[in-house]
Amino acid sequence: MSQRLAGLLLAACALPAVAASTSLPVPNAGQTALRIEGSNTLGARLVPALVQGLMQQQGLQSIKVEELSQGSRITGLTAANQPVPVEVISEGSGSGFTALSQSRAQLAASSRPIKDSEMQLLANAGDMQSAQAEKVVALDGVAVIVHPNNPIAQLSTEQLAAAFAGEVQTWEQLGASGGPIKIMALDQLSGTFDTFNSGVLSPLGKQVSANAQRFSSHVTLAENVVREPSAIGFVGLPFVGASKAVAIADGNADALKPQNELVATEDYPLSRRLYFYVQPGESNAWAKALIEFAQSPAGQQLVAANGFVSQEVRTLQVPVETQMPESYKQLASQAKRLTVTFRFKEGQAKLDSKAQQDVQRIADFIKANGKANKAVALVGFSDAKEDAARAELVSKLRAMAVRRELGKAGIMPRDVQGLGQAMPVASNDVESGRIRNRRVEVWVY
């Protein structure tokens, strides 16, 4: 067993023991209980750990992990010594949707949202963006990494685009030292590459330089950055290792590092959601159980243990700053912000699949912490509009939409306000930035 897989087994085995009997069906000899295909980001560590956690919850024993050429097989034994194998194949997010369409897998793991072309591929299955199909299991940040001795502390998205496109060729052009920049990038099958491309390169009409060294593995890329003083690359947050992650400034927003709290609020410019996708009519009981386990407190503990950011609701103390609107200053001095942020598509106040789950998480948090009704404040923001009054109205309407859903869960906020286009956290020049600015923050007194 490799050191990596052994570590995953130990992480899963840290969960509480349960009775040795499974309520899920045992597959026939020679068959798998479940097959998951897709993201290398998820498949390298997190999915095997979640599978082991579910198996342990189900009372399976002697759980072992075998490496496959493109993934792993996790097998547990029932009390009657019957094997229950689950296969995890990690060839990139796009491969998961192909596997679903070909009935080769029951779950797709993806480090990015499903694309229009993939929804068309699965059109007969139903709405793949519905709450029944699209399941957020973790949060992550795409970290831009350099050699640990590189003096550079932060870069703008414009500088990143120019560097990865090969237009800026030396570190001296970026205000540092180190000579020619050596570009390292994940390959085109990677959902992490898609996130970097859509957040950095594509908005400025650029592509990764043909001279870039390409990798299929986050771990291998990060190891090469550590060995090469002039390198720059990008990986998922759990894979930074001994390299150095730089802060990123998007537009006029402050430069932010890929810290857990900034990924949790999705304010970090390259924060992203990690998904399981399942066809709405899927009957595989193990697929349904794994989704439920992944989103449970026990599953989210494994998310954090494997280096990702869990969806557990936490509070953040936000320092008061002079440029804040007066009402926001007052809020920051009296209350704490929750790590849950609601975000919206252009022209919409509809809550997406993650937001629907987050409403219940917030309600559970408020009740568990003995907070009475009227302890919650909602603050809406908009992306930039030509009409500032319209931006304020839209931001208030989105906050009202969140209040309505919280009310259904038994939580009545004491204050709802819309601050329009104030306090952008990202550039308003591109859609990936505008969607981060179209947000509703949740605060508790």
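The values are calculated or read from the model by the stated rules, or taken from the named source; none is laboratory data. Since we're looking at a predicted model, the values are computed, not measured. All Cβ positions, even for glycine, are placed from backbone atoms using ideal geometry, and neighbour counts span all protein chains on display. Calculation scope for accessible area: heavy atoms of the full protein, side chains included, ligands and nucleic acids excluded. Shrake-Rupley method; radii C 1.70, N 1.55, O 1.52, S 1.80 Å.
Could you list the GluC sites (Glu not before Pro) in the range 289-384 that lie in coil according to DSSP, counting only those with at most 13 other Cβ atoms within 10 Å of their Cβ?
Within the range 289-384, the qualifying GluC sites (Glu not before Pro) (loop, at most 13 other Cβ atoms within 10 Å) are 321, 346.
How high is the relative contact order of the range 233-319, given as a whole-number percent (alpha carbon pairs under 8 Å, six or more residues apart)? Let's see the in-between values first.
On the way: 51 pairs, mean separation 20.8, N = 87.
Relative contact order, the range 233-319: 24 percent.
Once you've got the GNM for the chain with C-alpha springs shorter than 10 Å, pick whichever of 222, 212, 123 has the biggest mean-square fluctuation.
Comparing 222, 212, 123 in a Gaussian network model of the chain, the most mobile one is 123.
Find the accessible area per residue for the range 326-445; the probe is 1.4 Å, ligands and nucleic acids are left out, and the unit is Å².
Here the per-residue accessible area is 43 Å².
Report in % the part of the accessible area of the chain that belongs to carbon and sulfur, leaving out ligands and nucleic acids; probe 1.4 Å. Could you put the intermediate results ahead of the total?
Working: 8780 of 18350 Å².
Reported share for carbon and sulfur atoms: 48 percent.
Modelled label-to-label distance, residue 80 and residue 356, 7 Å Cα→beta-carbon offset: nm?
So the label points at residue 80 and residue 356 sit 3.7 nm apart.
Restricting to DSSP H runs of at least four residues, report the calculated mean residue ellipticity at 222 nm for the chain, -39500 (n - 2.57) per run over all residues, nearest 500 deg cm²/dmol.
Values: 15 runs with 144 residues, N = 445.
Calculated mean residue ellipticity at 222 nm is -9500 deg cm²/dmol.
Can you sort 445, 268 by solvent-accessible area, 1.4 Å probe, largest first?
Sorted descending by solvent-accessible area, the residues read 445, 268.
Take the Cα gyration tensor of the range 126-268, multiply each eigenvalue by 5, square-root it, and list the three semi-axes largest first, rounded to whole angstrom. List each step's numbers first, then the result.
Numbers: eigenvalues 130, 53, 49 Å².
Three semi-axes, in Å: 25, 16, 16.
How large is the charge dipole for the range 203-357, taken about the Cα centre, if only the Cβ atoms of Lys, Arg (+1) and Asp, Glu (-1) carry charge, to the nearest 20 debye? Provide the component values of the computation, followed by the final result.
Numbers: 16 positive and 14 negative charges, 24 e Å.
Roughly 120 debye, rounded to the nearest 20.
Over the range 286-380, what relative contact order in percent results from Cα pairs under 8 Å that are six or more residues apart? Mind dumping the intermediate values first?
On the way: 50 pairs, mean separation 18.1, N = 95.
Reported relative contact order: 19 percent.
By how many nm would the segment from residue 129 to residue 301 lengthen if fully extended, with 0.36 nm per residue of separation less the alpha-carbon distance? Show your work: numbers first, answer last.
On the way: separation 172, 0.36 × 172 = 61.92 nm, distance 2.57 nm.
Contour length minus Cα-Cα distance gives 59.4 nm.
Expressed in nm to one decimal, what extension gain is obtained for the pair residue 116 and residue 385 from 0.36 nm per residue of sequence separation less their Cα-Cα distance? List each step's numbers first, then the result.
Working: separation 269, 0.36 × 269 = 96.84 nm, distance 2.71 nm.
Contour length minus Cα-Cα distance gives 94.1 nm.
So how long is each side of the range 202-257 along the principal axes, counting just the alpha-carbon atoms, biggest first, in Å?
Rounded to whole Å, the extents work out to 33, 26, 20 Å.
Once R0 is set to 45 Å, what does the formula 1/(1 + (r/R0)^6) return for the Cβ-Cβ distance between residue 216 and residue 329, expressed as a FRET efficiency to the nearest 0.05?
Numbers: r = 48 Å, r/R0 = 1.06.
Calculated transfer efficiency: 0.40.
For the chain, set up a Gaussian network in which alpha carbons nearer than 10 Å are linked by springs, and say which option among 404, 273, 45 fluctuates the most.
404
For 322, 220, give me the order by solvent-accessible area with a 1.4 Å probe, most accessible first, ignoring ligands, DNA and RNA.
Numbers: 322 125, 220 55 Å².
From most exposed to least exposed: 322, 220.
Calculate the spin-label point distance for residue 187 paired with residue 415, positioning each point 7 Å from the Cα along the beta-carbon direction, and give it in nanometres.
Going by the 7 Å Cα→Cβ label model, 5.3 nm.
Regarding the chain, what is the average projected area of its C-alpha convex hull, in nm²? Before the final figure, lay out the partial values.
On the way: hull surface 88.0 nm².
Convex hull of Cα atoms, orientation-averaged projection: 22.0 nm².
Just want the answer: with Cβ charges of +1 for Lys and Arg and -1 for Asp and Glu, which residue in 407, 313, 393 is farthest toward the dipole's positive end in the range 288-413?
About the Cα centre, the residue reaching furthest to the positive side is 407.
Assuming R0 = 22 Å, what is the FRET efficiency of residue 257 and residue 169, from their Cβ-Cβ distance, to the nearest 0.05?
Values: r = 25 Å, r/R0 = 1.16.
After rounding to 0.05, the efficiency reads 0.30.
Taking every eigenvalue of the Cα gyration tensor of the range 110-191, multiplying by 5 and rooting it, what semi-axes result, largest first, whole Å? Before the final figure, lay out each step's value.
On the way: eigenvalues 285, 40, 19 Å².
Value: 38, 14, 10 Å, ordered largest first.
Below 8 Å, C-alpha to C-alpha, sequence gap of six or more: please give me the relative contact order for the chain in percent.
Answer for the chain is 16 percent.
Taking the Cα centroid of the range 371-445 and of the range 157-172, what is the distance between the two, rounded to the nearest whole Å?
If we compute the Cα centre of each part, the gap is 35 Å.
What residue among 330, 57, 207 shows peak mean-square fluctuation when the chain is described by a Gaussian network model with Cα springs under 10 Å?
330
Mind checking which lysines have their C-alpha under 20 Å from residue 288, skipping anything on the same chain fewer than 8 residues away?
135, 354
Roughly how far apart, in whole Å, are the Cα centres of the range 89-115 and the range 201-254?
Centre-to-centre (Cα) distance: 24 Å.
Leaving ligands and nucleic acids out of the surface, order 115, 374 by accessible area at 1.4 Å, largest first. It would help to have the intermediate numbers written out before the result.
On the way: 115 85, 374 110 Å².
These residues rank, largest area first, as 374, 115.
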